[in-house]
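Q: Just dropping this structure here.
The values are calculated or read from the model by the stated rules, or taken from the named source; none is laboratory data. Treat the numbers as computed from the prediction; the structure is a model and nothing was measured. Heads up, the Cβs are rebuilt from the backbone with ideal geometry, glycines too, and the neighbour counts pull from every protein chain shown. Only protein heavy atoms, including side chains, enter the accessible area calculation; ligands, DNA and RNA are left aside. Shrake-Rupley method; radii C 1.70, N 1.55, O 1.52, S 1.80 Å.
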Amino acid sequence: MASADVKNTVPHMDMDRGGAFDFSNCIRNQAMCKLGAKAPKLTSTGTTIVAVAYKGGLVMGADSRATAGNIIADKHCEKVHKLTESIYACGAGTAADLDQVTKMLSGNLRLLELNTGRKARVITALRQAKQHLFNYQGYIGAYLLIGGVDPTGPHLYMCSANGTTMAFPFTAQGSGSYAAITILERDFKTDMTKEEAEKLVQRALEAGMHGDNASGNSLNLVIIEPNETVFKGPIVPEFCKRPEPNDLAYKFQAGATKVLKHKTIKYDVVESMDLSH
């Protein structure tokens, strides 16, 4: 009933967009508010992570800025996590959750390799991640790009915090992904060379870092091939470098600040750590 009332009062929305944007949840949210429920809370992952598959390999990368609200909490946060020698995960979301989930995946995959005597496959890492995250229904804030090269070739998957997974030839996640994905969609092509893929990932990351306040500082890349894995970083883009040093030294001479009030507190030393006597 509330939903019908809201539909009559809000401007007309065409609900069927033919596979494009779907606005039906706008009606639902307004109806929930009218019934006294809290509207769904929107959160930002505050990250840019990018991955691209090329002929015979994979390039993954991430920025290094961790935020706490509108505060930069860490300028050198490691968001490219090693799972095995040939499988990596880039993470967006809650830094502590990502650290723990990727450590768990790394340990499980290493035990699997030792027990079987074979290299773990990328789909195995994906399945373990999705089953673990689905159990918590999004309460573990880990949004992952899992990629690598195994005997079946290069693979790239996206895994959201609620366990939803999809395979991609290229993708981006995080609050800077809107800018990054525009670069990927414009410049991606099948069967790229390693150099082309590396430059594309770096351009996409720089676009996300430049367009998103919650991404920045530096970027890290990992290039995964069947016989070699190369980690590059930190790489600091030009727009992240300080253009000039601070000219002003914020140190003030004694007496430069006016004293408004004096207060003297008398105290007695009842115990001392001075061992000189």
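Q: Taking the Cβ of A167 as the centre, find all other residues whose Cβ is under 13 Å away and add up their charges (Lys, Arg: +1; Asp, Glu: -1). Working shown, then result.
A: On the way: positive: R127, K130; negative: none.
Local charge sum for A167: +2.
Q: Taking only Cα atoms of segment 82-197, what ratio of Rg to Rh do you get with Rh as the Kirkwood inverse-distance radius? Please report the intermediate quantities before stating the final value.
A: Details: Rg = 14.6 Å, Rh = 14.9 Å.
On the Cα set of segment 82-197, Rg over Rh gives 0.98.
Q: Leaving out ligands and nucleic acids, note down the accessible area per residue over the chain with a 1.4 angstrom probe, in whole Å².
A: So the chain comes to 65 Å² accessible per residue, rounded to a whole number.
Q: Could you tell me what fraction of 2.2 N^0.38 Å the Cα radius of gyration of segment 172-277 comes to, as a two-decimal ratio?
A: Working it through for segment 172-277, the quotient is 2.09.
Q: Explain nothing, just the number: relative contact order of the chain, from Cα pairs under 8 Å at least 6 residues apart, as a whole percent.
A: Relative CO of the chain lands at 22 percent.
Q: Could I ask something else about it? Just how far, in whole angstrom, is segment 172-228 from segment 51-78 if you go by their alpha carbon centroids?
A: Between the Cα centre of segment 51-78 and that of segment 172-228, the gap is 10 Å.
Q: Next question, about the same structure. Between Y250 and K189, what length comes free when the chain is fully extended (0.36 nm per residue of separation minus the Cα-Cα distance, one decimal in nm)?
A: Separation in residues times 0.36 nm, less the Cα-Cα distance, equals 16.8 nm.
Q: Give the value in nm², to one decimal: projected area of the alpha carbon convex hull of segment 45-239, averaged over all directions.
A: Value for segment 45-239: 10.1 nm².
Q: Kindly provide the GluC sites (Glu not before Pro) of segment 193-252 that DSSP labels as loop, not H, G, I, E or B, and whose Cβ sees at most 12 other Cβ atoms within 10 Å.
A: When the GluC sites (Glu not before Pro) of segment 193-252 are filtered for loop state and at most 12 Cβ neighbours within 10 Å, E228 remain.
Q: Could you work out [θ]222 nm for the chain from helices alone, using -39500 (n - 2.57) per DSSP H run of at least four and dividing by all its residues? Round to the nearest 500 deg cm²/dmol. Before the final figure, lay out each step's value.
A: Values: 6 runs with 84 residues, N = 277.
The helix-only estimate for the chain comes to -10000 deg cm²/dmol at 222 nm.
Q: Leaving ligands, DNA and RNA out of it, rank Y157, Y267, Y54 by accessible area with a 1.4 Å probe, largest first.
A: Y267, Y157, Y54
Q: If you don't mind, there's one more thing I want to ask. Say a paramagnetic label sat at a point 7 Å from the Cα of N162, along Cα to Cβ; which residues of segment 81-113 have their backbone N under 18 Å from it?
A: Label zone hits: 92-94.
Q: At a 1.4 Å probe radius, carbon and sulfur cover how many percent of the accessible area of segment 69-202?
A: Working: 3670 of 7080 Å².
Taking all protein chains in place, segment 69-202 shows 52 percent carbon and sulfur surface.
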